[in-house]
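A.B. asks: Handing you this structure, nothing more for now.
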Amino acid sequence: MRIKTFEAYQIAYRQSVEDPEGFWAEVAQQFQWRKPWKKVLSWNFNEANVKWFEGGVLNITENALDRHLAQIGNQPAIIWEPNDPEDKAVSISYNVLHDRVCRFANVLKKHGVKKGDRVCIYLPMVPELTVAVLACARIGAIHSVVFGGFSAKSIADRINDAECNMVITSDGAYRGSKVIPMKETVDAALDQCRSVKHVIVMTRTRTPVSMLKGRDLWWEEEVKHVDSVCAAEPMDAEDPLFILYTSGSTGKPKGVVHTCGGYMVYAAYTFANVFQYEPEEVYFCTADIGWITGHSYIVYGPLCTGATSLIFEGVPTYPDASRLWQIVEKHQVNILYTAPTAIRSLMSFGLDYVKGHDLSSLKKLGSVGEPINEEAWHWFKTNIGSDNCPLADTWWQTETGGIMISPLAGITHEKPTFATLPLPGIQPVIVDENGKEIEGNGVSGNLCMKFPWPGIIRTTYGDHERCKQTYFSTYPGMYFTGDGCLRDEDGYYRITGRVDDVLNVSGHRIGTAEVENAINMHLGVVESAVVGYTHDIKGQGIYAYVIAESEPEDAEMFRKDIAATVSRIIGPIAKPDKVQFVTGLPKTRSGKIMRRILRKISEGDMGNLGDISTLLDPAVVEDIKRGAL
Ligand code: WT7
């Protein structure tokens, strides 16, 4: 299962294409199954139907916890570094984590949560977040983790879409110098939710919170009154494990569904191989568990591999921009997996914050979430990795469950800004606008997959048709990623970014349509169009063109009000960076906004806007150009 040389990679890759079922069966055998599968794979991309390890029965928590107890029960599963560096870090062994998960699973059961029920988790980066996630998995409840930066309305939409009957949250959260309310936000969300029967509240900041009798429960109190034995629920390989909402080019965020068997196999296989994890190494992924990176590479992948996974509550710039390097030194971190936006931000503070920290424990580096620019790649590699750590630029998506295209650390030859080669089992194809495969090297186009892998999305919760439409209909017979890419002369892949209306702002995925809908809800707004523009630190910034009912008297104030509305509807992460008031938008005769033009203007690229003869009123373009920010 573990690939140790580039030749072994090539052999594994070849085998995975020639005999995918044999290949994945061999990988899957390394895990603990209650009952073996009957069929490795059945699939039909036209119907968006994929099943892996059908008939197999397992529980992912037995693989993440129980399986390790005899050998490494006393080894830390989690090291938790709190927001405030003065507070004590906490180390939680596999034994203790197992105990805590079982207890909390019993709490969930006691309050009526059953296999198949949906549980919303809205927590800061505390160990309890991992405990809550695994406790759901223990009893077969489907978790839906909502990132702590989302608004009450976003939480409510997600709770209602999945009809969750339980919410797990905390009183508040520490984030850098701020204390952020959590329960209060959940309370506001629950005014719009009928399905929720109970809320379990963990104490973090001891912010005063309202606790409704009959509905709300304290975490600390509940875990006192339960047993520490909780048998794992036997799950079919294709039973859902979790729902994770993510933005697309249209409509509300979709609930991406991953299942127990295939997801486990894929998350753990890719973790072990990409990072070449060796026993006792300390692994630190800076993502939030509220995103897929955290699900797959803080919780499930590392724990199913018996790794030590460091969870950091705070932000890289608090108390100052040396925090990550302090953590690396303090906990002797061996593997650091972070995002280009974090690297660029820390870069901008200068090397003084890096100097004086002993980073010699680092052996491997990883990057994820967006294309990494050459400058950031070299800065990371040289100043953090001392030029002797391999750097894995890992490309993947919420929908893919795990890393798809990436170097294997120290094994694959690296090229700055290239995600390099597909992992075993992954069959990328580049297609042109018409869906025709572009073969050979030195080509570019849209990135698709022509064969399933165990971690592929199974459905969008409650709406399978939407899954089919979004991923499998653009190019029939293929899974479409939404990304553009190029394949160079060596067959190496470089991902160039989204080709649809999805933005990537500081590694957060945001749909332009969602932001437009939020802006349009603001009093006095007639219409808006949102595009992304190149931003030095965030990767992409949000540029909104807004038509107001009348010319705003105080444009600056109006901008702030719009930002407040977006914050309230979606969350602070979706606030526009720039708002330009316009009198019209460049529309075609059929009423479609020509975003291509708006994108160019937002980049300050006014010269050649291409063919604008199909516009209903080409004059608006001149107006917009004149007012560009
Ligand atoms: C989109 C998926 C996968 C975990 C975090 C994001 C972009 C992700 C890379 C990379 C270039 C990347 C793509 C992708 N992306 N990793 N290494 N190089 N682009 O998950 O929120 O589902 O976003 O992030 O555009 O489609 P996500």
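A.B. asks: Would you confirm, using the coordinates I've provided, whether residue 135 is buried (at least 22 other Cβ atoms within 10 Å of the Cβ) and more than 26 Å from residue 247 (Cβ to Cβ)? Spell out how you get there, then give the answer.
C.D. replies: On the way: buried (at least 22 other Cβ atoms within 10 Å of the Cβ): yes; more than 26 Å from residue 247 (Cβ to Cβ): yes.
In short, yes.
A.B. asks: Kindly check whether there is at least one residue in segment 455-465 that is modelled with pLDDT of 95 or more, of a type outside the set (Phe, Trp, Tyr), within 15 Å of the ligand (Cβ to nearest atom) and more than 24 Å from residue 270 (Cβ to Cβ).
C.D. replies: Here is the first cut: in segment 455-465, the residues modelled with pLDDT of 95 or more are 455-465.
When the remaining residues are screened for being of a type outside the set (Phe, Trp, Tyr), the result is 455-460, 462-465.
After this cut, where a residue has to be within 15 Å of the ligand (Cβ to nearest atom) as well, the list is 455-457, 460.
Then drop every residue that is not more than 24 Å from residue 270 (Cβ to Cβ), which leaves none.
Checked against the condition, which is being modelled with pLDDT of 95 or more, of a type outside the set (Phe, Trp, Tyr), within 15 Å of the ligand (Cβ to nearest atom) and more than 24 Å from residue 270 (Cβ to Cβ), segment 455-465 yields no hits at all.
A.B. asks: Test each condition in (1) within 16 Å of the ligand (Cβ to nearest atom); (2) touching a Ser or Thr at 6+ places or on another chain (Cβ under 6 Å); (3) among the aliphatic types (A, V, I, L, M) for residue 519 and report the one that comes out false.
C.D. replies: (1)
A.B. asks: Among the residues of segment 368-391, write down those that are of a type in the set (D, E, K, R) and within 11 Å of the ligand (Cβ to nearest atom).
C.D. replies: The initial filter retains those residues of segment 368-391 that are of a type in the set (D, E, K, R), namely 370, 374-375, 381, 387.
370 - this is the single residue of segment 368-391 that is of a type in the set (D, E, K, R) and within 11 Å of the ligand (Cβ to nearest atom).
Table: residues versus (1) over 27 Å from residue 480 (Cα atoms); (2) exposed (fewer than 15 other Cβ atoms within 10 Å of the Cβ).
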residue: 16; (1), (2): no, no
residue: 23; (1), (2): no, no
residue: 31; (1), (2): yes, no
residue: 63; (1), (2): yes, no
residue: 70; (1), (2): yes, yes
residue: 77; (1), (2): yes, no
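A.B. asks: Does residue 36 satisfy the criteria of being in the same structural domain as residue 333 (by TED's automatic domain parsing) and either at pLDDT 95 or above or of a type outside the set (Gly, Ala, Ser) (or both)?
C.D. replies: Working: in the same structural domain as residue 333 (by TED's automatic domain parsing): no; either at pLDDT 95 or above or of a type outside the set (Gly, Ala, Ser) (or both): yes.
For residue 36, the condition - in the same structural domain as residue 333 (by TED's automatic domain parsing) and either at pLDDT 95 or above or of a type outside the set (Gly, Ala, Ser) (or both) - is not met.
A.B. asks: Shifting gears a bit: Pick out the one residue from 170, 228, 177 that is of a type in the set (Ser, Thr, Tyr), touching a residue at least 12 places away in the same chain (Cβ under 8 Å) and touching an Asp or Glu at 6+ places or on another chain (Cβ under 6 Å).
C.D. replies: Of 170, 228, 177, the one residue that is of a type in the set (Ser, Thr, Tyr), touching a residue at least 12 places away in the same chain (Cβ under 8 Å) and touching an Asp or Glu at 6+ places or on another chain (Cβ under 6 Å) is 228.
A.B. asks: From the list 534, 470, exactly one residue is assigned to a strand (DSSP E or B), outside the structural domain of residue 146 (by TED's automatic domain parsing), hydroxyl-bearing (Ser, Thr, Tyr) and within 16 Å of the ligand (Cβ to nearest atom). Which is it? Write out each step before concluding.
C.D. replies: Numbers: 470 fails: assigned to a strand (DSSP E or B).
Result: 534 is the single residue among 534, 470 that is assigned to a strand (DSSP E or B), outside the structural domain of residue 146 (by TED's automatic domain parsing), hydroxyl-bearing (Ser, Thr, Tyr) and within 16 Å of the ligand (Cβ to nearest atom).
A.B. asks: Still on this model: Is it the case, given these coordinates, that residue 612 is over 30 Å from the mean Cα position of the chain (by Cα), modelled with pLDDT under 95 and more than 27 Å from residue 150 (Cβ to Cβ)? Full working, then the answer.
C.D. replies: Numbers: over 30 Å from the mean Cα position of the chain (by Cα): yes; modelled with pLDDT under 95: yes; more than 27 Å from residue 150 (Cβ to Cβ): yes.
Taking the combined requirement at face value, the residue satisfies it.
A.B. asks: Moving on. Under the condition of being touching a Gly at 6+ places or on another chain (Cβ under 6 Å) and assigned to a strand (DSSP E or B), which residue from segment 427-445 is surrounded by the fewest Cβ atoms within 10 Å (Cβ to Cβ)? Step through it out loud before you land on a result.
C.D. replies: Initially, segment 427-445 is screened for residues touching a Gly at 6+ places or on another chain (Cβ under 6 Å), giving 430-432, 438, 441.
Add one more test, that the residue is assigned to a strand (DSSP E or B), and what stays is 430-431.
Details: 430: 20, 431: 18.
That would be 431.
A.B. asks: Given (1) more than 16 Å from the ligand (Cβ to nearest atom); (2) not assigned by TED's automatic domain parsing to the domain that holds residue 294, identify the lone condition not met by residue 363.
C.D. replies: Just one mismatch for residue 363, condition (2).
A.B. asks: Mind counting the residues in segment 237-253 that are more than 11 Å from the ligand (Cβ to nearest atom) and either open to solvent by less than 10 Å² (accessible area, probe 1.4 Å) or in contact with a Cys (Cβ under 6 Å, 6 or more places away or on another chain) (or both)? First the steps, then the outcome.
C.D. replies: Here is the first cut: in segment 237-253, the ones more than 11 Å from the ligand (Cβ to nearest atom) are 237-243, 249-252.
Of the ones still in play, those that are also either open to solvent by less than 10 Å² (accessible area, probe 1.4 Å) or in contact with a Cys (Cβ under 6 Å, 6 or more places away or on another chain) (or both) are 237, 239, 241-243.
Total satisfying the criteria: 5.
A.B. asks: Scan segment 473-496 residue by residue and report those that are crowded, with 17+ Cβ neighbours inside 10 Å and either in the same structural domain as residue 516 (by TED's automatic domain parsing) or assigned to a strand (DSSP E or B) (or both).
C.D. replies: 479, 480, 481, 482, 483, 484, 485, 486, 487, 493, 494, 495
A.B. asks: Here is a follow-up. Just need a number here: residues in segment 398-416 that are more than 16 Å from residue 5 (Cα to Cα) and either open to solvent by less than 10 Å² (accessible area, probe 1.4 Å) or not assigned by TED's automatic domain parsing to the domain that holds residue 373 (or both). Working first, answer last.
C.D. replies: Restricting attention to segment 398-416, the residues satisfying the condition of being more than 16 Å from residue 5 (Cα to Cα) are 398-405, 415-416.
Keeping just the survivors that are either open to solvent by less than 10 Å² (accessible area, probe 1.4 Å) or not assigned by TED's automatic domain parsing to the domain that holds residue 373 (or both) gives 399-405.
Of the residues in segment 398-416, 7 are more than 16 Å from residue 5 (Cα to Cα) and either open to solvent by less than 10 Å² (accessible area, probe 1.4 Å) or not assigned by TED's automatic domain parsing to the domain that holds residue 373 (or both).
A.B. asks: Then there is this: Given the options 571, 627, name the one that is in contact (Cβ under 8 Å) with a residue 40 or more places away in the chain and touching a Ser or Thr at 6+ places or on another chain (Cβ under 6 Å). Talk me through it step by step, then tell me what you get.
C.D. replies: On the way: 627 fails: touching a Ser or Thr at 6+ places or on another chain (Cβ under 6 Å).
None of the others qualify; the one that does is 571.
A.B. asks: Hey, among 496, 512, 481, which residue is among the hydroxyl-bearing types (Ser, Thr, Tyr) and more than 11 Å from the ligand (Cβ to nearest atom)? Lay out the reasoning, then the answer.
C.D. replies: Numbers: 496 fails: more than 11 Å from the ligand (Cβ to nearest atom); 481 fails: more than 11 Å from the ligand (Cβ to nearest atom).
The match here is 512.
The values are calculated or read from the model by the stated rules, or taken from the named source; none is laboratory data. All values derive from a computational prediction rather than experimental measurement. Here the Cβ is made from the backbone with ideal geometry for all residues, glycine too, and neighbour counts use every protein chain on show. With ligands, DNA and RNA removed, areas are computed over all heavy atoms of the protein, side chains included. Shrake-Rupley method; radii C 1.70, N 1.55, O 1.52, S 1.80 Å.
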